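Enquirer: After the structure tokens below, expect a handful of questions from me.
Values quoted throughout were computed directly from the atomic coordinates according to the rules given, and no laboratory measurement underlies them. Nothing here was measured: the structure is a model prediction, and the numbers come from that model.
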Amino acid sequence: MLADILARLQKQASAGESGVAAAFELNWQCLEPEAKKLACLLSLFALAPIPWSLVESAASASSLEFDFKANCAVLVEHYLLQELPEDTYQIHDRIQELLRQKLEELAKADELKRGFCQAMVAVARSIPQTPTLIEFAEATLVIPHLAETATVYQAWLSDDDLISPFVGLGRFYEGQGAYEQALPWREQCLSAARERFRESHPDVATSLNDLAALYRSQGRYSDAEPLYIQALEMYKRLLGDEHPYVATSLNNLATLYRSQRRNSDAEPLYIKALSMRKRLLGESHPDVATSLNNLAALYRSQGRYSDAEPLYIQALRMKKRLLGDEHPDVATSLNNLAELYGSQRRNSDAEPLLIQALSMRKRLLGESHPDVATSLNNLAGLYRSQGRYSEAEPLLIQALKIAQQRLGANHPNTITICKNLEYLRRNRQP
């Protein structure tokens, strides 16, 4: 236990807090310069388990060239570091405080801080938009250290890296549907970007866009719209009309309008975004597949099924080719194509796709992900339309439970599922 470290240090000197500091100093003087540098680097991490791979990355980015593992063992021997299972380590809060004091005495303290930040930024950028269960598990141990980077060591993030830890933290939580946990990171991202760049940097526009996207996911459409419009105007002013970020902004604003059933506002933006993405990114790019899918969704909501189907099919094929068969975006495409077939009463085409999408989402995202609730609701809707009420009801009950837990009772998706369950029960009564 970490408490054992303090107990052992207290035995080396007089009891009490002053004894800990004295024992720490005694042990510190016994260390070689390399071990001292590593100890100072470790003090930058949060008070949470530290994966050894992160230590190596931070040490490499800080240009430390010695045997990290051997010096790590020395720190453990001197009670300055605790070794945990699965190649992780942790520092006691009092030891961290003392080590951070030593860090400030180092000539290369800033170099260590910048190296630490660079290593954390690399991890943040590897977090995908919708993390799978495996990716979520891999990122979980990193999250406290990303938070430390974004808050305590923000000043040592370069301009190019400033928003990356915030973006990674936002994706980690938002990708699970944990919108309330994502919100402070999205808000802090915008605040940090504005403080450093004012209104004259694309990262401010990106921060506006990401916060707007979170608001849209929460059903806060009136809060999202002005941020989306502001982001679009900034991208155009800073990057020019012909830029992929402008296309993304057009697509996102259109998606908000579609969520509000403002189809006449959404359609020209979707068409323009698709055209720009094809022109700027090429015909075979994931963003092109996203645009095809979104335009198809708009057409389906308008009852333009013959226009929607080829776009859905093209998007699905592209996603499989570009992302592989086992990807959350592929599951979304399967679900969307199935919904189209359901709208056309092509139930025999829709059912296997809905089942496949549900299975994939459970496997990739976990049993309690909001996308699983969506799949359960959609499959239940198909069964209800066929009069298969006894099969539909447990799916809706399960979907509602997930939505209430993950999204809250007032979220648009939760309200829709609740209404669907009420309608089912009302109409199945004799």
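Enquirer: Find how much the distance from residue 397 to residue 122 grows on full extension, using 0.36 nm per residue of separation minus their present alpha carbon separation; answer in nm with one decimal.
Expert: Here the answer is 94.9 nm.
Enquirer: Just need the relative contact order of the range 342-430 here, percent rounded to a whole number, with Cα pairs under 8 Å and 6+ apart.
Expert: Value for the range 342-430: 23 percent.
Enquirer: If the reach is capped at under 24 angstrom between alpha carbons, list the lysines near residue 236, excluding any in the same chain fewer than eight residues apart.
Expert: Cα-Cα hits under 24 Å: 272, 278.
Enquirer: Can you tell me the relative contact order of the range 148-306? Whole percent, Cα pairs under 8 Å, sequence separation 6 or more.
Expert: Averaging sequence separation for qualifying contacts and normalising by length gives 14 percent for the range 148-306.
Enquirer: Here's a follow-up. How large is the helix-only mean residue ellipticity at 222 nm for the chain, computed as the sum of -39500 (n - 2.57) over DSSP H runs with n ≥ 4, divided by its residue count, in deg cm²/dmol to the nearest 500?
Expert: -24500 deg cm²/dmol
Enquirer: Among the aspartates and glutamates, which have Cα under 16 Å from the Cα of residue 419 when same-chain residues fewer than 8 positions away are ignored?
Expert: 393
Enquirer: Could you sort out which of 36/69; 319/401; 320/401; 69/102 sit more than 19 Å apart by Cα distance in this structure?
Expert: Table pairs above 19 Å Cα-Cα are 319/401; 320/401; 69/102.
Enquirer: Normalised by the empirical 2.2 N^0.38 Å for globular proteins, what value does the Cα Rg of the chain take?
Expert: It is 1.18.
Enquirer: On to the next question. Pull up the cross-link candidates among the aspartates and glutamates for residue 113, meaning alpha carbon to alpha carbon under 17 Å and not fewer than 8 places away within one chain.
Expert: Straight-line reach from residue 113, under 17 Å: 34, 56, 65, 97, 104, 105, 148, 159, 160, 161.
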